[in-house]
Structures are given as structure tokens and as C-alpha cells.
Amino acid sequence: MTTIGFAKHDHAACITDSVAAVDARCEAAGLNLTPTRRRVLEILLQEHRAIGAYDILDRLRADGLGSQPTVAYRALDFLVTNGFAHKIEHLNAFIACAHPGQNHAPAFLICRACDAVAEAVGARSAVRVAAENVGFTVERTMVEALGLCPNCQDTPQP
């Protein structure tokens, strides 16, 4: 299982590589990565933390890219639908995909102290195996685990 989000890494390269991957996938699929969609992706990539739609809207408004909630929600819908972002149900927020545009089914590790989110790839195989054992066809799986990230484990919690 590969986990992305909590490990120290070159974050500037992380952002640049992710935007380039999304650009390439959009071009190959004939998708339109509008300036607003690109900006929402960049906002999501700024931190490995889930961000709510209204926080995104505030940033878009500050950038002069729109002030109506539909602006943020349409961009988020495009990103999620095309595999460039994920919705974290527990937080009712969004995070950029660590493997944009790839066909995968990640699980999410959510820090209950700082809301950092790591994307864990390969964690759903146990669900698939259990389903196959009983003849169940899985159509959608959502795995969100709550705990403490490495940074918050070192900090006393209330």
C-alpha cells in the first residue's frame, strides 16, 4: 500500500507534477481545463488537507474568478468526475488526487487533529476479496479512516 500526504516531500514539485499530469490527461481526453478549474486544482494542491467548497470559493473570489457557490461546485464536480480530486465525506470537503486521472480506488487517512489527509492506494483489496467471497458486486466503496498523523502524534492532544 502506498500512502501520499504525510511524508515529507518536495511540495513545489508535487504541485507542478500534479498540474502537468492533469493538463496532459485533459488534453488526451479532450477535456477543457478552464482557468477556474485549474485554479481550484491549484488551491486543493496547496496543502495535503481537505478544503471545503466555501473556503475554495473565498480564494476564487480573492483571485477575481467568481463569487457564486456554483462556480466552486462546478469546478469541483469536473475535478471529481474526471478523477483529479476526491470528496472526503467525513469532512464534507475536497482534496486533490495524488494519482490524477488514474483508475484507482484509494482509502483516505484523515487526521482528526489537523484535518490532513493522506491517500492510501491499495487499501480496498480486502473489501473486494470479502465481496467476491460472498458473491457481492461492489459498485462504490468509500474508506475513510480517522486517527492522528505523524505530526500530531508528537503534539499533546486536548
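Taken together, the values in this text are just the output of simple stated rules run on the coordinates, not laboratory data. This one's a predicted model, so the numbers in the text were calculated from it and none came from an experiment. Methodologically, a virtual Cβ is constructed for each residue, glycine included, from the backbone with ideal geometry; neighbour enumeration extends over all protein chains shown.
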Quiz item: Using a basic spin-label model with each label point 7 Å from the Cα along Cα→Cβ, how many nm lie between residue 139 and residue 63?
Solution: 3.5
Quiz item: Roughly what would the spin-label model give for residue 47 and residue 104, points 7 Å off Cα along C-beta, in nm?
Solution: 2.3
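Based on the alpha-carbon set only, what is the convex hull volume of the chain divided per residue, in Å³?
Value for the chain: 137 Å³ per residue.
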Practice problem: Could you run the Karplus curve 6.51 cos²θ - 1.76 cosθ + 1.60 with θ = phi - 60° over region 44-54 and give me ³J(HN,Hα) per residue in whole Hz, x for Gly and Pro? | Solution: 5, 7, 4, 9, 8, 9, 5, 10, x, 4, 6
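Nearest 5 percent is fine: what portion of the DSSP beta bridges confined to the chain is antiparallel?
Values: 13 of 18 bridges.
Around 70 percent antiparallel, to the nearest 5.
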Quiz item: Which cross-chain or sequence-distant (5 or more) residues have an amide H under 5 Å from the amide H of residue 97, H modelled 1.01 Å from N in plane?
Solution: 85, 86
Self-check item: Neighbour count of at most 11 Cβ within 10 Å plus DSSP loop: longest trypsin sites (Lys or Arg not before Pro)-free window in the chain
Solution: 9-139
Quiz item: Which of 96, 72, 62 moves most in a GNM of the chain, Cα contacts under 10 Å?
Solution: 62
Quiz item: How far, in nm, would the chain grow between residue 24 and residue 121 when pulled straight, counting 0.36 nm per residue and subtracting the alpha carbon separation?
Solution: 32.8 nm
Quiz prompt | Cα-projected label distance for residue 155 with residue 89, points at 7 Å along beta-carbon direction, nm | solution = 2.8
